[in-house]
1. Can you give the calculated 222 nm mean residue ellipticity of the chain, where each DSSP H run of n ≥ 4 adds -39,500 (n - 2.57) and the sum is split over every residue, rounded to the nearest 500 deg cm²/dmol?
2. Averaging the inverse of every distinct alpha carbon separation and then flipping it gives the Kirkwood radius. What is it for the chain, in angstrom units?
3. Helix 119-128 versus the longest principal axis of the chain: what is the Cα-based angle in degrees, 0 to 90, to the nearest 10?
4. For the stretch 70-156, treating each Cα as an identical point scatterer without solvent, what Debye log10 I(q)/I(0) comes out at q = 0.24 1/Å?
5. Checking a compactness column here: for the stretch 1-134, what do you get for Rg(Cα) / (2.2 N^0.38 Å), N being the number of residues?
6. Rank these residues by their accessible area, most exposed first, probe 1.4 Å: 212, 116, 56.
7. If you find the alpha carbon centre of the stretch 117-158 and of the stretch 85-108, how far apart are they in angstrom?
Amino acid sequence: KAEPPLRIMISGAPASGKGTQCELITKKYDLVHIAAGDLLRAEIASGSENGKRAKEYMEKGQLVPDEIVVMMVKDRLLQPDSQEKGWLLDGYPRSMSQATALKGYGFQPDIFIVLEVPEDILVERVVGRRLDPVTGKIYHLTYSPPETEEIAARLTQRFDDTEEKARLGYSVVLLQDRDKKMDLLYFVTSSWLVGLVNLVKGNAPKQEVFAEIDNALSKLLDSRKATSESL
Ligand code: AP5
């Protein structure tokens, strides 16, 4: 019988490398990448009322209220492509209430990956981050420079990528708060019975971080296979 598709949640502070790792994970595991921040930026681009409200919070580096984020994420997870191929949920849940809501809708992740990076490194990453509007690829002026002059010339910066916002954001974005983070990790592991929570050291080079994640995912798939063969 066919194995169910993988369902992964990945979290971490702003600029901890979630988007970068998600690109590598989706390339290898062919999952649907659902980023809460991207869904919100699309909502802003659509000019909707929810988008306007969300922008006010995002500019300050604060969490957007649950009534906007939860429905958006839930609807995307229910799309046929996510159900068939499996999903990689990026930047959600960031609070206990978001985790509780997702569980309440019956979603079950297989693994929760948390990227840990020291704050001074996070600020440097935010300030140097650039986006290619044509391919959607994320670059960093120092750590991941564009491949060609042509790409370099068209790179843009995200509206919320400022040092000021970055510093402000870390005090409020949940995963930098030690106690709340522990509460969330405990909730995810105990109530979803996700056996494996990885606190991957995200300040290593991106290929090393990926190797650690890849190793955890391979183990997960192997153990699933062993279980289904023993049935
Ligand atoms: P979101 O879009 O999720 O942004 P974020 O959390 O600020 O995360 P980023 O996209 O900034 O960073 P990332 O971790 O993907 O890092 P990246 O790979 O780009 O959220 C934006 C806002 O939306 C939030 O502030 C909030 O207001 C709102 N929001 C989102 N989710 C929400 C939710 N669930 N509830 C409520 N509100 C929500 O890497 C960063 C840079 O570092 C890049 O330049 C990259 O090239 C470089 N880099 C990456 N890895 C490495 C490495 N290993 N070594 C060196 N450089 C690296």
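1. The helix contribution divided over the chain gives -17000 deg cm²/dmol.
2. 18.4 Å
3. 60 degrees
4. With no solvent term, the Cα-only Debye profile gives -1.08.
5. 1.07
6. If we order 212, 116, 56 from most to least accessible, we get 56, 212, 116.
7. 28 Å
The values are calculated or read from the model by the stated rules, or taken from the named source; none is laboratory data. Owing to the predicted nature of the structure, the values given are computational and were not obtained by experimental measurement. Accessible surface areas use protein heavy atoms only, side chains included; no ligands, DNA or RNA. Shrake-Rupley method; radii C 1.70, N 1.55, O 1.52, S 1.80 Å.
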